[in-house]
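Data first, discussion second: the structure below is written as structure tokens.
FYI, it's all coordinate maths here, none of it is from the lab. What you see is a predicted model, and the numbers here were worked out from it, not measured in a lab. Methodologically, a virtual Cβ is constructed for each residue, glycine included, from the backbone with ideal geometry; neighbour enumeration extends over all protein chains shown.
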Amino acid sequence: MMLKLIDLFCGAGGMSLGFRNEGIEPVLALDNDSAAIETHKANFEGEAYCANIEEWLETAEVPQADVVIGGPPCQGFSLLNKKRTGDSRRALWEPYLEIANRSEARVFIMENVAELFRSPELEDIRAKAAEYGFETKAAIVNAADYGAPQTRKRTIVVGWRRIGEPDFPPRPTHADPSKKLNLPPWRTVKQVIGDLPPPVGTEIGVEAPMNLHFGRTPTERSIARYKAVPVGGNRFDLQRNAPELTPDCWIRKTSGGTDLFGRLWWDRPSVTIRTEFFKPEKGRYLHPDQHRPITHREAARIMGFPDDFVFVGNKTHIARQIGNAVPPALAEALGRMVVRMLNPLAMSA
């Protein structure tokens, strides 16, 4: 019997992709980003709606599902303002859990920033889940431990009811090579983008994988800055090698920000890919040996999207979808765990 999935705050569908790869099919996806919903529609069956989750809940009939997944946006978690002073909205995890309950799901998987794990909000989430009959566990996981070529740490909350306790967090499939564990080493940047030629043009193309492998039009000054940063270097190398090209604000800031204007390593995973990976001043997003930031295609591969995954929208829309995604490799590990929870025959697999 097909297991059914609801993906809330679904974005492009990184979690949906990972769970579908484990045989759990999306029947409903919801997000308030219209471009992301069009991307989800282009890649998955099932219904997909562009809507505010609370407004959608007022009139919608929640379908039955086995699993509810998703990451309520960080803005919905008042990590620094627990009472949400001046904000009358419910925290966005509340309608998420309401849908998990109304769908009669036996499992939910909630994903969010690592900081959630030590926040008072986590206890509120677990208490509300308990009211709906869910037992819960939470842990911080690193996507690199599950095959993503990216060191992305996230809090995962798993809730379950009417079934056995999960083996959580999922057992890693890869490991930091410095720890010398009996596991394959973390996947590297070179393994996933090393075969790509230099990018062509500056606009979205028409043929995958080249459709997102386009460059930018940097100024001569920007190129000179890129050339001043060695492999693994950052803004401090820029300041040492070309102080005349270094912004004054960086010169005044003598500590912190070691990933700003940084260059990736070939033989390591990437740092966390965020929504503005095409701007080197935002993080360690310079190509390992070419004097440019990484392209949208390279970022998508580092996130774990296959080249035939269809993205819809303009360059900014697509970058946001990539940077906000859950690496499909991490989602697959969670999906395998859920299949074992829901299918007793899989427990011995």
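A few remarks follow.
- Applying the Karplus relation 6.51 cos²θ - 1.76 cosθ + 1.60 with θ = phi - 60° to the range 37-43 yields 3J(HN,Hα) values of 5, 5, 4, 4, 4, 6, 10 Hz, where x marks Gly and Pro.
- Under 5 Å, built H, 5+ apart or other chain: amide partners of Glu47: Leu28, Ala29
- Karplus (6.51, -1.76, 1.60) ³J(HN,Hα), θ = phi - 60°, over the range 109-122, in Hz, Gly and Pro reported as x: 10, 10, 10, 6, 4, 4, 4, 4, 4, 9, 9, x, 4, 4
- Modelled this way, with points 7 Å down the Cα-to-C-beta line, the labels at Gln290 and Ala139 are 3.8 nm from one another.
- Each of Arg162, Arg216 was scored by other Cβ atoms within 10 Å of its Cβ. Listed from fewest to most, they are Arg162, Arg216.
- Extended-chain gain in nm, criterion 0.36 nm per residue less alpha-carbon gap, Ala224 and Asp259: 10.8 nm
- Spin-label model, Glu47/Glu131: points 7 Å from Cα along the beta carbon direction are separated by 2.6 nm.
- Close amide H contacts of Ser270 (hydrogens built in the peptide plane, cut-off under 5 Å, sequence separation of 5 or more or a different chain): Gln150, Thr151, Val189.
- In this Cβ point-charge picture (+1 for Lys and Arg, -1 for Asp and Glu), the range 189-324 has a dipole of about 500 debye about its Cα centre.
- Full extension of the chain between Glu123 and Ile204 yields a length gain of 24.8 nm, computed as 0.36 nm times the residue separation minus the alpha carbon distance.
- Protection-proxy order for peptides 123-136, 171-184, each taking the mean of Cβ atoms within 10 Å per residue, highest first: 123-136, 171-184
- Neighbourhood net charge (12 Å Cβ-Cβ; Lys/Arg +1, Asp/Glu -1) for His291: +3
- Computed from backbone phi, the HN-Hα couplings of the range 190-198 come to 5, 4, 10, 10, x, 8, 7, x, x Hz, rounded to whole numbers (Karplus: 6.51 cos²θ - 1.76 cosθ + 1.60, θ = phi - 60°; Gly and Pro given as x).
- Based on alpha carbons, the Rg and Dmax found for the range 189-324 are 14.8, 45 Å.
- Checked against a 20 Å cut-off, the cross-linked pairs Lys253/Lys282; Lys227/Lys279; Lys41/Lys190; Lys153/Lys253 give Cα-Cα distances beyond that limit for Lys41/Lys190; Lys153/Lys253.
- For Lys4, the aspartates and glutamates whose Cα comes closer than 16 Å to its Cα, not counting residues fewer than 8 places off in the same chain, are Glu22, Glu25, Glu45, Glu47, Glu61, Asp66, Glu104, Glu332.
- Note on the chain: helix-only mean residue ellipticity at 222 nm, from DSSP H runs of 4+ residues weighted -39500 (n - 2.57) and normalised by residue number, equals -8500 deg cm²/dmol.
- Protection-proxy order for peptides 200-207, 223-230, each taking the mean of Cβ atoms within 10 Å per residue, highest first: 223-230, 200-207
- Among 209-215, 93-99, the peptide with the highest mean count of other Cβ atoms within 10 Å heads the list, and the full ranking is 93-99, 209-215.
- Dipole check for the chain: with +1 at the C-beta of Lys and Arg, -1 at the C-beta of Asp and Glu, and the Cα centre as origin, the magnitude is about 1420 Debye.
- Pairwise FRET efficiency - Ile163 versus Asp195, Cβ, R0 = 41 Å, nearest 0.05: 0.45
- Distances between placed amide hydrogens fall under 5 Å for Leu3 paired with Glu25, all partners being 5 or more residues away or on another chain.
- Fraction of beta bridges assigned by DSSP in the chain that are antiparallel (%, nearest 5): 45
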